[in-house]
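Taking it in order: structure first as structure tokens, then the write-up.
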Amino acid sequence: MEFYRGYVTGNLMLDLALLAWLAAQVLKVLLHYAFQGKSDFSLMLKSGGMPSSHSAFVCALAVSVGILYGWSGPLFALAAGMAVVVMYDACNVRWSTGEQAKALNELLSSMKELPEGLRGRRLKEALGHTPFQVLMGALLGIAVGCLALVLR
């Protein structure tokens, strides 16, 4: 890694993780346009959707660590463990929270009388990912992380 000069952070692994996150966010905008027929650049800053930028980030980080420092070392174990926790959270805990928000929003919209603080308020529904969205983000992250082979 002594030849890598750095583009954003000066750290190849972190730069690749950020690149994977950015690629996932751009893909969200492009896929939304392809399927909905309209641009929504606000998706660049939102969580949830296809593909998972969380998964892309942590997988690019883990793969680049594995390539640069070895697959059996403690750094890869740490990065891979973190990736598993983040991806589990994205498609289980955070997805469930989004589903609960949908149900609460529906309930609140059907109520006639609401306390002042709840009128017109909506909970954020797109918090997590489906397993497929997590898988696609992971594959994107793995592909971007493999750039460490040529950039090191």
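The values are calculated or read from the model by the stated rules, or taken from the named source; none is laboratory data. Every value quoted in this text rests on a predicted model; they were computed, and no experiment measured them. Note that we place each Cβ from the backbone using ideal geometry, even for glycine, and neighbour counts take in every protein chain shown.
Is it the case, given these coordinates, that L104 is over 13 Å from the mean Cα position of the chain (by Cα), over 15 Å from S47 (Cα atoms), at pLDDT 85 or above and in a helix (DSSP H, G or I)? Walk me through it before giving the result.
Working: over 13 Å from the mean Cα position of the chain (by Cα): yes; over 15 Å from S47 (Cα atoms): yes; at pLDDT 85 or above: no; in a helix (DSSP H, G or I): yes.
No.
To keep it simple, each residue is scored yes or no on (1) of a type in the set (F, W, Y); (2) farther than 15 Å from G137 by Cβ; (3) modelled with pLDDT under 95; (4) not in a helix (DSSP H, G or I).
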{"position": "A23", "(1), (2), (3), (4)": "no, no, no, no"}
{"position": "K28", "(1), (2), (3), (4)": "no, no, yes, no"}
{"position": "L31", "(1), (2), (3), (4)": "no, no, yes, no"}
{"position": "A34", "(1), (2), (3), (4)": "no, yes, yes, no"}
{"position": "S39", "(1), (2), (3), (4)": "no, yes, yes, yes"}
{"position": "S42", "(1), (2), (3), (4)": "no, yes, yes, no"}
{"position": "G49", "(1), (2), (3), (4)": "no, no, yes, yes"}
{"position": "A56", "(1), (2), (3), (4)": "no, no, no, no"}
{"position": "L61", "(1), (2), (3), (4)": "no, no, no, no"}
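Got at least one residue in the range 114-131 being at pLDDT 70 or above, of a type in the set (A, V, I, L, M) and surrounded by 12 or more Cβ atoms within 10 Å (Cβ to Cβ)?
Our first condition is that a residue be at pLDDT 70 or above; within the range 114-131, this holds for 129-131.
Narrowing further to those that are of a type in the set (A, V, I, L, M): none.
Taking every residue of the range 114-131 in turn, none turns out to be at pLDDT 70 or above, of a type in the set (A, V, I, L, M) and surrounded by 12 or more Cβ atoms within 10 Å (Cβ to Cβ).
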